[in-house]
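K.L.:
The structure follows.
The values are calculated or read from the model by the stated rules, or taken from the named source; none is laboratory data. Please read all numbers here as calculations on a predicted model, not as lab measurements. Positions of Cβ are generated from backbone atoms using ideal geometry, with glycine treated the same way; all protein chains shown enter the neighbour counts.
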Amino acid sequence: MTDTGQVRLQIEAGVASVLFDRTQARNAMTWAMYEQLAAINRQLAADRSVRVAVFRGAGGQAFVAGTDIEQFANFLSGDDGVAYERQIEAGIELLCQLPMPTVAVVEGWCVGGGLAIATACDFRLATPGAKFGVPIAKTLGNCLAITNVARLRAAFGHQRVKRMLMLAEFIAADEALACGFLQAVETPESIESALATLVDRLSALAPVTQRVSKAALDRLATHELAPSEDLIRAAYDSADFREGVAAFVAKRPPQWSGQ
């Protein structure tokens, strides 16, 4: 992996635009990109001039296609998985805690960590070809932190999240709209206009009400969750996880052993 990608920030007229830019890998996140996203979120949290923040992927083919799997090749134990999931959750928490409304614009694939990022946003617009999923039961053999599972369940519903995690199914844009995950599905030609309209609506309303309302909803989604680090260790310590990483790097199907 030679290109670590970039997360770019532009602020204009009270609107922050955050771009995930690693198009040759469908904007799959590297450690450097996660660090850049965290720094951007800290900057936005302190900037009272920003009324709305918009997150999207470069290239029009993907929002974010998860975390780059090659980075897991150096994981040695379940403790590495716990540390990774803590880092991801800390970054997602920064996004959830942004005081201004946030909008994810999803064109194409929205996978794994990318789905966690989109779900942490307050509103989502998508094109008809958008796909949402966490296919780790098929690709990697790891798991999600329980806070991210809780947010997915709040956004999609219990059974849809089971389909994503246990059947490695993707949810299409029409189903995501029907279950309330998406604000709207727009054609590639109309999505910019729809985004501008949504940003204008959000910018015109009471910022304090927006801030406390989104905080209340996130607290409800993640309140009093059960301990889960034992589950994370079990997944990341497994032979199946090591096989999933090796198979991805070797570009072959994984052979699951259940160990």
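K.L.:
What number of residues within region 1-56 satisfy the criterion of being farther than 19 Å from Ala116 by Cα and acidic (Asp, Glu)?
P.N.:
Within region 1-56, residues that are farther than 19 Å from Ala116 by Cα and acidic (Asp, Glu) number 3.
K.L.:
What's the number of the condition Ile69 fails, among (1) surrounded by fewer than 22 Cβ atoms within 10 Å (Cβ to Cβ); (2) β-branched (Val, Ile, Thr); (3) within 21 Å of Arg163 (Cβ to Cβ)?
P.N.:
With (1) surrounded by fewer than 22 Cβ atoms within 10 Å (Cβ to Cβ); (2) β-branched (Val, Ile, Thr); (3) within 21 Å of Arg163 (Cβ to Cβ) applied to Ile69, the lone miss is (3).
K.L.:
For the condition at pLDDT 95 or above, farther than 29 Å from Ala16 by Cβ and hydrophobic (A, V, I, L, M, F, W, C), what is the one hit in Leu198, Leu167, Leu225?
P.N.:
Leu167
K.L.:
Of all residues in region 31-51, how many are buried (at least 16 other Cβ atoms within 10 Å of the Cβ), of a type outside the set (D, E, K, R) and in contact with a Gly (Cβ under 7 Å, 6 or more places away or on another chain)?
P.N.:
Residues flagged as buried (at least 16 other Cβ atoms within 10 Å of the Cβ), of a type outside the set (D, E, K, R) and in contact with a Gly (Cβ under 7 Å, 6 or more places away or on another chain) within region 31-51 amount to 5.
K.L.:
Here are some residues: Ala173, Ala145. Which one is crowded, with 19+ Cβ neighbours inside 10 Å and farther than 22 Å from Phe241 by Cβ?
P.N.:
Ala173
K.L.:
May I ask you to list the residues in region 144-191 that are of a type in the set (S, T, N, Q) and either touching a residue at least 12 places away in the same chain (Cβ under 8 Å) or under 26 Å from Gln87 (Cα atoms) (or both)?
P.N.:
Thr147, Asn148, Gln183, Thr187
K.L.:
Of the conditions (1) closer than 19 Å to Leu217 by Cα; (2) of a type in the set (S, T, N, Q); (3) in contact with a Gly (Cβ under 7 Å, 6 or more places away or on another chain), Asn27 fails just one. Which one is it?
P.N.:
The failed condition is (1).
K.L.:
Could you tell me which of the residues Val208, Val249 is among the aliphatic types (A, V, I, L, M), modelled with pLDDT under 95 and more than 22 Å from the chain's Cα centre (by Cα)?
P.N.:
Val249
K.L.:
Right, something else. Since Val208 meets every condition but one in (1) out of contact with any Asp or Glu (no Cβ under 9 Å at 6 or more places or on another chain); (2) of a type outside the set (Asp, Glu); (3) surrounded by 15 or more Cβ atoms within 10 Å (Cβ to Cβ), which condition does it not meet?
P.N.:
(3) is the only condition that Val208 fails.
K.L.:
Something else now. Only residues that are assigned to a loop (DSSP other than H, G, I, E, B), of a type in the set (S, T, N, Q) and over 30 Å from Ile191 (Cα atoms): list them for region 127-148, please.
P.N.:
Asn142
K.L.:
I would also like to ask the following. Checking Arg151 against (1) among the basic types (Lys, Arg); (2) in a helix (DSSP H, G or I); (3) farther than 21 Å from Leu217 by Cβ, which test does it fail?
P.N.:
(3)
K.L.:
Given the conditions (1) part of a helix (DSSP H, G or I); (2) touching a Ser or Thr at 6+ places or on another chain (Cβ under 7 Å); (3) of a type outside the set (Lys, Arg), which single one is not true for Leu94?
P.N.:
(2)
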